[in-house]
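The structure appears below as structure tokens.
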Amino acid sequence: MFKKALPFFMIVETPLHAGSGSDLGIVDLPIQRERHTGFPKVESSGLKGSIREVFEDLSEIKINNHIVNNDKKKVAMSLAFGPEEGDTHSGALGFTDARLLLFPVKSMKGVFAWITCPHVLEKLKKEMELAEISNMPALPNKNTVPHNCSLIISDSNIVLEEYTFSVSKETDANENCSTFAEWLANNIFPIAKDGKGPCAYWREKMKKDLVVLTDDDFRDFVNLSTEVVARTKINNETGTVQQGALFYEEYLPQESVLYSLALASPIFKEKDDEKGIFKQNGKNEEDLVLEFFKAGLPEVIQIGGNATIGKGIVRTRVLDVENGKNR
């Protein structure tokens, strides 16, 4: 039974293909989607496998001022993620599906907007409550934008793709959409000590260019505005396209933002001497499991297919549950 949950965000740096197999529709290789909403997602099994792979490549992990390497790391990996062979015990670390939080859409002004909807935000709030996050601001209403939004064309209208939407632009920085956009920006993008850093531009853009659409409008965009790429294979002998080798592949576009929960339980071993680094000074084992996850998770990982052509590069950001702030 999982005892604690830790939210973390994932910013898609290059188009991501978490595939759901082949399909008979226009797109031969579609991405994974929720059955009841059609919203894109990344299955927890694929997410866990990707994270486990990057942990295996680490030379050492520092947890509570204790360096874990070589044999100790192998034991910790088996206890946290589960053994690679056999079913002697379950892993103490689990993950929820990575859900879509913000989706980038081309805008006539401001280049692009990050869109979301009440359904997505209510789900975020519900899952944050599981992790005991209590500092989330009030959720914004549909068809609202922050007070300093740069997407407005005229008369409170914005143009996303070829569609015009009438939105309510807030007049005060303390209103719901403005405060929520700032909370998202500060928790999704890292903040340097000088308040700037490499993500300063993106953090400021999110504070301005968040758009809360209706659930139906959001659903239409995430179904119709993903990237669909034609791929083929060249015959080395003729230098032309090999017959029957053309196919279409779907991607979640870069700048998409996902989130997931890392779930921790006590170690599934009866004897204390078999619990390795997760038995220290009377500390809760589930807390140490999450410390192991936070200490080892790199800032950049790869998720999904087509890694050899640069797809699926994702930037991670872990939320500090104790303080309501990021690491």
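The table below gives the values:
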{"quantity": "Correct option for Rg and Dmax of the Cα atoms in Å [calculated from the coordinates] among [x] 21.6, 68; [y] 18.7, 58; [z] 25.6, 88", "calculated": "[x]"}
{"quantity": "Segment 234-327: GluC sites (Glu not before Pro) falling in loop per DSSP and having at most 15 other Cβ within 10 Å", "calculated": "GLU237, GLU270, GLU299, GLU322"}
{"quantity": "Cα centroid separation - segment 9-54 against segment 159-215, whole Å", "calculated": "25"}
{"quantity": "GNM result for the chain, Cα springs below 10 Å: residue of ILE188, ILE309, ILE133 fluctuating most strongly", "calculated": "ILE309"}
{"quantity": "Protein accessible area in segment 177-327, 1.4 Å probe - carbon and sulfur %", "calculated": "47"}
{"quantity": "Virtual spin-label span in nm between ASP215 and ARG52, 7 Å along Cα→Cβ", "calculated": "3.5"}
{"quantity": "Å² of accessible area per residue within the chain, as computed with a 1.4 Å probe and no ligands counted", "calculated": "50"}
{"quantity": "Value at 222 nm in deg cm²/dmol, rounded to 500, when DSSP H runs of n ≥ 4 in the chain each add -39,500 (n - 2.57)", "calculated": "-8000 deg cm²/dmol"}
{"quantity": "Most fluctuating residue given options LYS233, LYS311, LYS269, as computed from a GNM of the chain linking Cα atoms under 10 Å", "calculated": "LYS233"}
{"quantity": "Rounded FRET efficiency, nearest 0.05, which uses the C-beta distance separating GLU204 from ASP155 and R0 of 41 Å", "calculated": "0.95"}
{"quantity": "Length-normalised contact order of the chain in % [C-alpha pairs under 8 Å, at least 6 apart]", "calculated": "34"}
{"quantity": "Extended-chain gain in nm, criterion 0.36 nm per residue less alpha-carbon gap, ASN141 and ILE234", "calculated": "28.4 nm"}
{"quantity": "Label-point gap, in nm, between ASN281 and THR308 - each point 7 angstrom along Cα→Cβ", "calculated": "4.8"}
{"quantity": "Mean Cα-pair separation over length for segment 83-172, i.e. relative contact order, pairs under 8 Å, 6 or more apart, %", "calculated": "27"}
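The values are calculated or read from the model by the stated rules, or taken from the named source; none is laboratory data. Fair warning: this is a prediction, and the values are worked out from it, not measured in the lab. With ideal geometry, Cβ positions are generated from the backbone for all residues, glycine too; neighbour counts draw on all protein chains shown. Just so you know, the surface numbers come from the protein's heavy atoms only, side chains and all, with ligands and any DNA or RNA stripped out. Shrake-Rupley method; radii C 1.70, N 1.55, O 1.52, S 1.80 Å.
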